[in-house]
1. Rg and Dmax of the chain, Cα atoms, in Å?
2. Among 94, 149, 160, whose Cα projects farthest towards the positive end of the dipole of the chain, with charges put on the beta-carbon of Lys, Arg (+1) and Asp, Glu (-1)?
3. Put 144, 163, 220 in order of accessible area, largest first, 1.4 Å probe: what do you get?
4. Please list, in order along segment 170-178, the HN-Hα scalar couplings obtained from phi with the Karplus expression 6.51 cos²θ - 1.76 cosθ + 1.60 (θ = phi - 60°), rounded to whole Hz, x for Gly and Pro.
5. Express in nm, to one decimal, how much length is gained between residue 223 and residue 199 on full extension, taking 0.36 nm for each residue of separation and deducting their alpha carbon distance.
6. In terms of Cα to Cα distance under 25 Å, which lysines are near enough to residue 148, apart from those fewer than 8 places away along the same chain?
7. Kindly state, to the nearest 0.05, the FRET efficiency for residue 237 paired with residue 192, given R0 = 30 Å and r defined as their beta-carbon distance.
8. Just how large is the dipole of the chain about the Cα centre, in debye to the nearest 20, putting +1 at every Lys and Arg Cβ and -1 at every Asp and Glu Cβ?
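The values are calculated or read from the model by the stated rules, or taken from the named source; none is laboratory data. Just so it is clear, the model here is predicted, and its values are computed rather than measured. Using ideal geometry, Cβ is built from the backbone for each residue, glycine included, and neighbour counts are taken over all protein chains shown. Keep in mind that these areas ignore ligands, DNA and RNA; they rest on the heavy atoms of the full protein, side chains included. Shrake-Rupley method; radii C 1.70, N 1.55, O 1.52, S 1.80 Å.
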Amino acid sequence: MLEGYAPGYGRDVVSMLSARTAAERATFAQSLFGPGMWVVDLGCGPGSITLGLAAESRVTGVDRDAGQVAQARAAARRAGRSTVDFVVASAYDLPFASGSVDVAFSHALFEHLSRPLDALTELRRVLKPGGRLALSTSDWSKARLRPKTANVDAALRGHHLLRRRAGGDPFAGGKTAELCAAAGFTEVVARARYRSDMTYRDLAKYVETRLEEAIAEPGRDRDQLASAARSAWTWARSGDGDFSQCWVEVTATR
């Protein structure tokens, strides 16, 4: 399956990614970091989380998109973080020696991968024996939305379809722990954390924009996506509500 990043890199998406910080997204992993370690952040995007990881360690951010890596390098220069670097690479073929990394961290990546088990196997390869893994992956099946009307449901079904068409799995968070065990990791611990990533109405606008972008391009599922876009339009113009996303945070040992 052709793999892509379903949200794309529109201005609203880049703004959302750049606002994420280690203080809120990597709290569960902070105890794994120590002085002198080598930490890899897989799927680093613009580097806003990477720059807040493991201040006393060497940190390498990895992303397959050269544009995101360029933004991350510029951010590191502005922040004066000389111990942080960024590389363009695939999650399935990391440019690191086997058994060389102390901690591998990843936030909001595995829901976009078509071959998550292969990526976990590759992370296990580069980790030292006893090295630690920390993943945070969304699970849209457990997201909390109130009110959850018929239009909200229909719009989200279209949103999930876009994720799957790009090779990802919108419900990946609920499967990550099992995949870690299948890849050979031990001491696998998972917990769910709910976070209000955006407002109820902002989520509606975000979903509406993604669906409008999709139906503007030639491709399959146009009728279903167009119907979902109409539902998203209605949702975005309805009243306020509550939204919190389910993030499954997993730690494991090589």
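1. For the chain, the Cα radius of gyration and maximum Cα-Cα distance read 18.3, 54 Å.
2. 149
3. Values: 144 105, 163 20, 220 150 Å².
Of 144, 163, 220, the descending order of accessible area is 220, 144, 163.
4. Result, rounded to whole Hz: x, 10, 4, x, x, 10, 5, 4, 4.
5. Details: separation 24, 0.36 × 24 = 8.64 nm, distance 2.78 nm.
Full-extension gain reported as 5.9 nm.
6. Here the lysines satisfying the reach criterion relative to residue 148 are 175, 205.
7. Details: r = 31 Å, r/R0 = 1.04.
Plugging the Cβ-Cβ distance into 1/(1 + (r/R0)^6) gives 0.45.
8. Values: 34 positive and 29 negative charges, 50 e Å.
In debye, rounded to 20, the chain gives about 240.
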